[in-house]
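The values are calculated or read from the model by the stated rules, or taken from the named source; none is laboratory data. Note that the structure is a prediction, hence the values are computed from the model and not measured. All Cβ positions, even for glycine, are placed from backbone atoms using ideal geometry, and neighbour counts span all protein chains on display.
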Amino acid sequence: MSKNCEMIKDLLPLYTDDVCSEESRKAVEEHIKECPDCKAELEKLRKNVTVSPQKDTDVLKRIKRRLRTENIIVGIISALALLCAMMGVIVYMANTMTNMDYDDKKLENCISVVEEENGDVRLICNKIDCDRIFSTAADIDGAVFGDPDFDKEKKCAYGVTFMERRINIFSRNFFFQFEPEHSVILFNTAENTEYDTVFYYDKGDKQKHILWERDKND
């Protein structure tokens, strides 16, 4: 290999990338006309160049489009997951009940208890959105049914608790609603002599609100 060939082969990569000087470019072109080995080396270098600037740009565009599509898909999936989670919370809260607070709901204006001539103790309700009424009892020491120290042999008070859905937005259409003057008989004083008090029981703060007391002269 001549010194000229060595010099030309050093220039071939620059010539292939079109970054050599004009003088070097002419020298390479003149040499490869007469030298098959250097010409073959040039062809080999050209074959190894697989990505042109234009192809490189197209590849980058495809990558960007793919990333953008993936980001959109991830965003849609995340939004759907969040929506499902929110719907799950709403469904859970709409199907679980909570105590109606006596003071917050101003129940003193909505419920009362009266004793009728035949001894029936009747709960009277004005219009109240309510899903269920739970009844309970308390003993002479104030312990409520369910408390560890509740003594059923000493029970003396009858309690009621109104329950509503945690999310009550559908109650007016689908759930129970007391109409004006709606009433429920709780017990008869002659048949249930142990009860001398009726109270509303707030399960949240465990407060008792007296609604009726037996006449001590009975």
When restricted to Ala157, Ala138, the only residue within 15 Å of His209 (Cβ to Cβ), in contact with a Ser or Thr (Cβ under 6 Å, 6 or more places away or on another chain) and in the same structural domain as Lys206 (by TED's automatic domain parsing) is Ala157
Report whether or not Thr69 is among the polar types (S, T, N, Q), at pLDDT 80 or above and either more than 24 Å from the chain's Cα centre (by Cα) or not in a helix (DSSP H, G or I) (or both).
-> yes
Over the stretch 18-28, the set of residues without any contact (Cβ under 8 Å) to a residue 12 or more places away in the chain and on the phi < 0 side of the Ramachandran plot is Val19, Cys20, Ser21, Glu22, Glu23, Arg25, Lys26
Does Glu115 fit the bill of being in the same structural domain as Thr189 (by TED's automatic domain parsing) and exposed (fewer than 13 other Cβ atoms within 10 Å of the Cβ)? no
Within the stretch 1-32, of all residues that are of a type in the set (A, V, I, L, M) and under 16 Å from Glu43 (Cα atoms), the one surrounded by the most Cβ atoms within 10 Å (Cβ to Cβ) is Ile8
